[in-house]
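J.: One structure, as structure tokens, below. Some questions next.
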Amino acid sequence: MTNEIVNESISQTETSRQSILQEIENNLQNLEEKAHLESELRLTLEEIARLQNSLAQTEMQLIAYQKQLFLSNPPSAPESHFLAIFLKDIAQEVASIQSYSLLFNQSKPALTEIQTEYLQRINTAAGLIQNMAGQINTALAHHAEEPSEPASPVNFSALLTQIISPKIRLLEQKQITLQPIISDRIPEFLTDKAILTKIIDLLLSNALTVTPVDSIVKITANTINIYKQRVLQITIKDGGPGISLKDLDKILDKDVPMDEILPGLSIPRSHVVHLNDLIESHKGSLEIHNGLDYGTIFEVHLPMD
């Protein structure tokens, strides 16, 4: 009887020991996870501080360019070309910053009130830079007409690859899946390559900017016949929230102030109007509507003959 009591006591003691060891192991694991999160938080905040400084410098540069553009002396052709490249690079960087902040918010670390406000200020600054960049682009469009180049043979698949290539970094950062569905029946055709590139690049850049993290952007292209004419049909669908019906009704209206950026767009409405004028000048058409489930669809028709 005494042996049974002793054995039972030993068994209970071993069980308690195992339970204590398991609890200690769990606590150690929690401490390691906490230390890892704190390390990630510290590195992230350091990166955000660097991005904030970069945004401040960029904002100063943009303000300087903005003053130059809206004074009496418009930029020369080389300056306009430089500004266009600069604004394109800035748009990608600002989109990266916003994506980085979004990812950080979604990770839900233990942020203090001041740190949360810091993130909000970064997103606000990025939005202001986007607006200023839009105004500068609008001014550039007013100061210079689109150069027309002689028609040259274009391989659509190769051209699309060239357009997508500089955007791979942004795709990876936002974990966006790009789904190109390109008909193998699109022949090589004569067109203004620079204009076609601008149309696709602008619409694709807009789609990637408004599409949230871990979503899908779709590009389809094929040839159709409209009134016995061969037409290139390009469709770009983003993964964003879509555009309200009220805004869709006025999106191409030139009688409405055009410097606003509508919800569901990442570019000023003037860019969309200008793009539509460009497409129509090449005897094409632009249609804009919302998807059945989500996102906005931009559908371009351009004659191939």
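J.: Name the pairs whose Cβ atoms lie under 6 Å apart, with the first residue in segment 263-290 and closer than 11 Å to Leu202 by Cβ, the second part of a helix (DSSP H, G or I) and among the small types (Gly, Ala, Ser), and 6 or more positions between them or separate chains?
T.: Sorted first by the residue in segment 263-290, then by its partner, the pairs are His274/Ala141.
J.: Here's a follow-up. Within segment 130-185, restricting attention to residues that are assigned to a strand (DSSP E or B) and surrounded by fewer than 18 Cβ atoms within 10 Å (Cβ to Cβ), which residue is modelled with the lowest pLDDT?
T.: Ser152
J.: Please specify each residue of segment 209-232 satisfying the condition of being closer than 28 Å to Ile186 by Cα, modelled with pLDDT of 90 or more and not β-branched (Val, Ile, Thr).
T.: Hits for segment 209-232 are Ser215, Lys218, Ala221, Asn222, Asn225, Arg230, Leu232.
J.: Let me ask something else. Kindly indicate whether Thr235 is assigned by TED's automatic domain parsing to the domain that holds Asn290 and at pLDDT 95 or above.
T.: It is true that Thr235 is assigned by TED's automatic domain parsing to the domain that holds Asn290 and at pLDDT 95 or above.
J.: Same structure again: Can you tell me which of Asp201, Asp214 is assigned by TED's automatic domain parsing to the domain that holds Leu286 and surrounded by 15 or more Cβ atoms within 10 Å (Cβ to Cβ)?
T.: After ruling out the rest, the residue left standing is Asp201.
The values are calculated or read from the model by the stated rules, or taken from the named source; none is laboratory data. Note that the structure is a prediction, hence the values are computed from the model and not measured. All Cβ positions, even for glycine, are placed from backbone atoms using ideal geometry, and neighbour counts span all protein chains on display.
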